[in-house]
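Have a look at this one before I ask anything.
The values are calculated or read from the model by the stated rules, or taken from the named source; none is laboratory data. Predicted model only: the values in this text are computed from it and were never measured. Glycine also receives a Cβ, built like all others from the backbone with ideal geometry; neighbour counts cover every protein chain displayed.
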Amino acid sequence: QKEVEQNSGPLSVPEGAIASLNCTYSDRGSQSFFWYRQYSGKSPELIMFIYSNGDKEDGRFTAQLNKASQYVSLLIRDSQPSDSATYLCAVDNNAGNMLTFGGGTRLMVKP
Amino acid sequence: DGGITQSPKYLFRKEGQNVTLSCEQNLNHDAMYWYRQDPGQGLRLIYYSQIVNDFQKGDIAEGYSVSREKKESFPLTVTSAQKNPTAFYLCASSIGWGETQYFGPGTRLLVL
């Protein structure tokens, strides 16, 4: 069974701080990694994806991938109360055709 | 206005009843997926379809059925064999198999 693990949280950060969300995965053959944001009662929305080792930046968001250590992280700079949500990590399987989702990390940004 | 629609937003099922959840997309995506989300949990794959007239079981297909007669539609039926159907059901699509998935707004199913 392929696994994707996330700390369920809640992770509480003050407004303006950097929030760091982490995800580990078990399938060494995984190639594609996704971060989704899910507000309470709503469906997940894609924040960003990353395929290559290293960092990928998009606005206030940075995804970091380390395939050797099998972890992917999401950094949110200048956190805002509107960033308060559950963040889901999703990892594809070795064949690259199915996603396994982690349980999500709940982030709380306090004004 | 392109997107994925799911209906109804809320659905109530009586014991022994089959219910069908609708999922429609006008994104011209080939692949479609159904997930189930329980409170505080991640998403679990129920069924997926790579192309019209084809679909495959996911990790938790028991008690569910699907059809894919049209490219834009992928309805999910929750049968009476599904003994614990209360959950948030999410439909997703991607332009091709293995590509980035985008989600509809979801249907919340409750048992009376």
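Among the residues of segment B:17-46 satisfying the criterion of being within 13 Å of chain A (Cβ to nearest Cβ) and assigned to a loop (DSSP other than H, G, I, E, B), which is surrounded by the most Cβ atoms within 10 Å (Cβ to Cβ)?
Once the filter is applied, the top-ranked residue is B:G42.
Which residues, counting only those in segment B:1-16, are under 11 Å from the mean Cα position of the chain (by Cα) and part of a loop (DSSP other than H, G, I, E, B)?
Selection gives nothing.
Tell me whether segment A:79-87 contains one or more residues that are assigned to a strand (DSSP E or B) and β-branched (V, I, T).
Within segment A:79-87 (the criterion being assigned to a strand (DSSP E or B) and β-branched (V, I, T)), the answer is yes, since at least one residue qualifies.
Within segment A:3-26, which residues are crowded, with 16+ Cβ neighbours inside 10 Å and not in a strand (DSSP E or B)?
A:Q6
Kindly state which strands (runs of 3 or more DSSP E) lie completely within segment B:49-112 and contain at least 1 residues that are more than 11 Å from the chain's Cα centre (by Cα) and more than 29 Å from A:Q31 (Cα to Cα).
B:87-94, B:107-111
Now for a separate question. Would you check if there is a residue in segment A:90-101 being more than 10 Å from chain B (Cβ to nearest Cβ), at pLDDT 95 or above and in a strand (DSSP E or B)?
No, segment A:90-101 contains no residue that is more than 10 Å from chain B (Cβ to nearest Cβ), at pLDDT 95 or above and in a strand (DSSP E or B).
Here's a follow-up. Which count do you get for residues in segment A:55-67 that are free of Cβ contacts under 8 Å to residues at least 12 places away in the same chain and small (G, A, S)?
Of the residues in segment A:55-67, 1 are free of Cβ contacts under 8 Å to residues at least 12 places away in the same chain and small (G, A, S).
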